[in-house]
Amino acid sequence: MTFEKINFLTSAANLDQCPDDLGSEIAFVGKSNAGKSTAINVITNRKNIAKTSKTPGRTQLINFFNLQDNRRLVDLPGYGFSSKPDDVIYSLDYFNEKIIQFLDSLGINKFSLIGNSLGGALSIGLGLKYSDRVQKLILMAPGGIEERKAYDSMPGIKKLLTDFLGGDMDQSKIEGLLELFPFDASIVNEEMIQERMQILPLMNTQVMATMDIPNMENDLHLLNQPTLAFWGVNDQFIPVSGAMKIGNGCPNAQVMLFSQCGHWVMIEREKIFNEACINFLLS
């Protein structure tokens, strides 16, 4: 199947305006300016089939794109520019409760999840707690399968905690932190830096200070969903030993390891990652 045979179908301001549900859909959801529209352009090899902007929140409508054989891509509006309360503990249950509330509000009962790092930990937690609703999992170097001290010893996590909890963040600190994410720091460009600078005022140290994600390693055998996991062997944030834990612990898992690759598999191995994810989700 080629994803270059794509055309714009329609836009919807609310769920009542969405076209009839026919065939299969892959929806792109994430925070504002995370690159959802760009991902659609890359996957389809069309420069501007989905409109992009450096300004957060450019996508205001639900945009539908037709593929062949009753298949669609859906570009959803971004989120994430809301305030972060100071009076809560940012635990696994807290995060996942908000995700389930969001999905319930949309009337979505069954779904697949794609998560990187903390998002991977949340995906594992949801897969375990809502096994009847989570259909498939795609995990990129997920957290939540080591003790906290293992993560705290990683160079990237050390710098992340030191910079965010130690005082005011500035552009030089953002640049230094971003350079630890990929294996090749030269791929960090000005657009990535400015994207982070835009959301910096919204960052809340309370999130970092109170985050409580348990070690779910001993429960991986209960994760029965088809699972596709990616890991860069040069990851400086999440120990690569987690790849073996996923491979050995999850009964229905595939694991892909990449040499000379860091924490951003989806960026550093973009083409392979996109193709593998699409094939996995449509299989």
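The values are calculated or read from the model by the stated rules, or taken from the named source; none is laboratory data. Bear in mind the structure is a predicted one, so any value in this text is a computation, not a measurement. For neighbour counting, all protein chains shown are included, and Cβ atoms are generated from backbone atoms with ideal geometry for every residue, glycine included.
Considering D21, D86, the condition of being among the acidic types (D, E) and at pLDDT 70 or above is satisfied by D21 alone.
Under the condition of being surrounded by 18 or more Cβ atoms within 10 Å (Cβ to Cβ), assigned to a loop (DSSP other than H, G, I, E, B) and of a type in the set (G, A, S), the residues counted in the range 231-264 number 1.
Could you tell me whether the range 244-251 includes any residue that is among the polar types (S, T, N, Q) and modelled with pLDDT under 95? So far as the range 244-251 goes, no, none of its residues is among the polar types (S, T, N, Q) and modelled with pLDDT under 95. Of the residues that sit in the range 197-230 and are assigned to a helix (DSSP H, G or I) and touching a Leu at 6+ places or on another chain (Cβ under 7 Å), which one is farthest from L126 (Cα to Cα)? Within the range 197-230, the match that is farthest from L126 (Cα to Cα) is T205.
Would you say K271 is surrounded by fewer than 16 Cβ atoms within 10 Å (Cβ to Cβ) and assigned to a helix (DSSP H, G or I)? Step through it out loud before you land on a result.
Numbers: surrounded by fewer than 16 Cβ atoms within 10 Å (Cβ to Cβ): yes; assigned to a helix (DSSP H, G or I): yes.
Spelling it out, K271 is indeed surrounded by fewer than 16 Cβ atoms within 10 Å (Cβ to Cβ) and assigned to a helix (DSSP H, G or I).
Contact map, the range 141-169: first residue at positive phi and in the same structural domain as F258 (by TED's automatic domain parsing), second residue surrounded by 15 or more Cβ atoms within 10 Å (Cβ to Cβ) and of a type in the set (D, E), Cβ cut-off under 7 Å, separation 6 or more or different chains; pairs are A141/D235. Counting the residues of the range 162-189 that are touching an Asp or Glu at 6+ places or on another chain (Cβ under 7 Å), closer than 21 Å to A209 by Cα and modelled with pLDDT of 85 or more gives 2.
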